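Here is the structure we will look at.
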Amino acid sequence: MCFDFFYCVSLKKNEYCFVCVLSLHTHSNFAKSRYKDKVIIITGASSALGIGRATAHLFAAHQAHAIYLCDISATNLSTHARELNSLYPATTIHTHTFDATDDASVAHVCEDAISRYGRLDVMFANAGVATGKHFSAVTADEFMANVRVNLLSVFLAIKHASKAMLRTSPNKPYPSGSIVATASVAGIRSNAGDSSYSAGKAAVISLAQTTAYQLAGTGIRVNAVCPGIIETGMTSVMYERARQKGTQSKIGQLNPLKRGAVADEVARVVGMLAGDECSYVNGQAWAVDGGLTAGLPYVMGKLA
């Protein structure tokens, strides 16, 4: 669309208007069907306020063929499935309850997509946990358990999804796919999460970079999204306390937008990384943090 605009400015007024309107119309049609025929797996999808749920709605709204909602907890999966089936009946919803760090379970859900649909197009590795504890109060077992969820789940998602994405079929004649992992600004800078969470998320970013290169020439992209302060199930306690104290406006005050975000704002970035708009974006870690990681620590209005 941008190329059309720069081309059109030199034309007559009526021609300029016609071509730009046509370009906008074409873009709109593309946006409505940007995931048409795509088969998508989302881990960490159960939370009622989560990024997984928000991303599932975005994929379904843009005509994904099938979406797998996966989580170790089945608490909200059936509710999410009913919502999606009601709002987007053209999209088939599957729910699977398993531990995202279990090798066989991750392999099984990827194989299920291949056996049912002959393709896997998008893997959103979104499972994650945090302790919220000071590092001195975290045991060795707790540290490794958290790193296991935050990092091993992503490794297994990349390992098995990439194998599935290499498979071809009559409705997918060549290998391709997009794998998006949920990292965090805590993996980029300190003070955004506890020690085990931050270490795991930093490793997720490295894993996205290294596997992107190890998948060179396959047509499969691997990227990480790095949310800042987002209202999700993981942060809901902090948000509720702030509301009770009347200090909700202080959440996110250190970033240039001076606010926190909602899950849908992260989902839109995941959707871009998963889709053809970002077909040349690979091995990257995109911060979705209101600009927090763009600068050094700074309290606005207090330089001295």
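The values are calculated or read from the model by the stated rules, or taken from the named source; none is laboratory data. These numbers were taken from a predicted model, which means no experiment stands behind them. Reconstructed Cβ throughout: ideal geometry from the backbone, glycine too, with neighbour counts over all protein chains shown.
Data overview
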{"item": "Residue selected from segment 56-86 under the condition under 21 Å from residue 130 (Cα atoms) and of a type in the set (Ser, Thr, Tyr), by the criterion modelled with the highest pLDDT", "result": "73"}
{"item": "Segment 127-165 - residue that is part of a helix (DSSP H, G or I) and of a type in the set (D, E, K, R) and, of those, nearest to the chain's Cα centre (by Cα)", "result": "159"}
{"item": "Flag if residue 166 is surrounded by fewer than 23 Cβ atoms within 10 Å (Cβ to Cβ) and under 26 Å from residue 54 (Cβ atoms)", "result": "no"}
{"item": "Count of segment 219-252 residues which are out of contact with any strand residue (DSSP E or B) (no Cβ under 8 Å at 6 or more places or on another chain), in contact (Cβ under 8 Å) with a residue 40 or more places away in the chain and over 19 Å from residue 154 (Cα atoms)", "result": "3"}
{"item": "Subset of segment 193-209 [over 15 Å from residue 152 (Cβ atoms) and free of Cβ contacts under 8 Å to residues at least 60 places away in the same chain]", "result": "198"}
{"item": "Tally of residues being surrounded by 14 or more Cβ atoms within 10 Å (Cβ to Cβ) and either of a type in the set (Gly, Ala, Ser) or under 12 Å from residue 227 (Cβ atoms) (or both) across segment 239-254", "result": "2"}
{"item": "Number of the condition not met by residue 124 [criteria: (1) assigned to a strand (DSSP E or B); (2) surrounded by fewer than 21 Cβ atoms within 10 Å (Cβ to Cβ)]", "result": "(2)"}
{"item": "Near pairs, Cβ below 9 angstrom, 6+ apart or cross-chain, from segment 87-99 (small (Gly, Ala, Ser) and surrounded by fewer than 17 Cβ atoms within 10 Å (Cβ to Cβ)) to any residue that is modelled with pLDDT of 95 or more and in a loop (DSSP other than H, G, I, E, B)", "result": "90/63; 90/65"}
{"item": "Residue in segment 2-17 that is at pLDDT 90 or above, out of contact with any Asp or Glu (no Cβ under 9 Å at 6 or more places or on another chain) and under 19 Å from residue 275 (Cβ atoms) present", "result": "no"}
{"item": "First in segment 45-71 and free of Cβ contacts under 8 Å to residues at least 40 places away in the same chain and closer than 13 Å to residue 266 by Cα, second anywhere and among the hydrophobic types (A, V, I, L, M, F, W, C) and assigned to a helix (DSSP H, G or I), Cβ under 8 Å, 6 or more apart", "result": "56/84"}
{"item": "Any chance residue 105 is modelled with pLDDT of 65 or more, out of contact with any helix residue (DSSP H, G or I) (no Cβ under 7 Å at 6 or more places or on another chain) and buried (at least 16 other Cβ atoms within 10 Å of the Cβ)", "result": "yes"}
{"item": "Count of segment 87-109 residues which are over 17 Å from residue 158 (Cα atoms) and among the polar types (S, T, N, Q)", "result": "4"}
{"item": "Residue 93 vs. criteria modelled with pLDDT of 95 or more and either over 20 Å from the mean Cα position of the chain (by Cα) or not in a helix (DSSP H, G or I) (or both)", "result": "yes"}
{"item": "Every pair of residues 6+ apart whose Cβ atoms lie under 9 Å, when the first sits in segment 258-274 and is over 15 Å from residue 42 (Cβ atoms) and without any contact (Cβ under 8 Å) to a residue 24 or more places away in the chain while the second is of a type in the set (Phe, Trp, Tyr) and surrounded by 15 or more Cβ atoms within 10 Å (Cβ to Cβ)", "result": "272/286"}
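Each row is one residue, and each column tells you yes or no for (1) more than 29 Å from residue 163 (Cα to Cα); (2) at pLDDT below 85.
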site	(1), (2)
194	yes, yes
208	no, no
218	no, no
255	yes, no
271	no, no
279	no, no
294	yes, no
299	yes, yes
304	yes, yes
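Conditions (1) assigned to a helix (DSSP H, G or I); (2) more than 13 Å from the chain's Cα centre (by Cα); (3) within 13 Å of residue 147 (Cβ to Cβ), marked per residue:
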site	(1), (2), (3)
191	no, yes, no
197	yes, yes, yes
200	yes, yes, yes
222	no, no, no
226	no, no, no
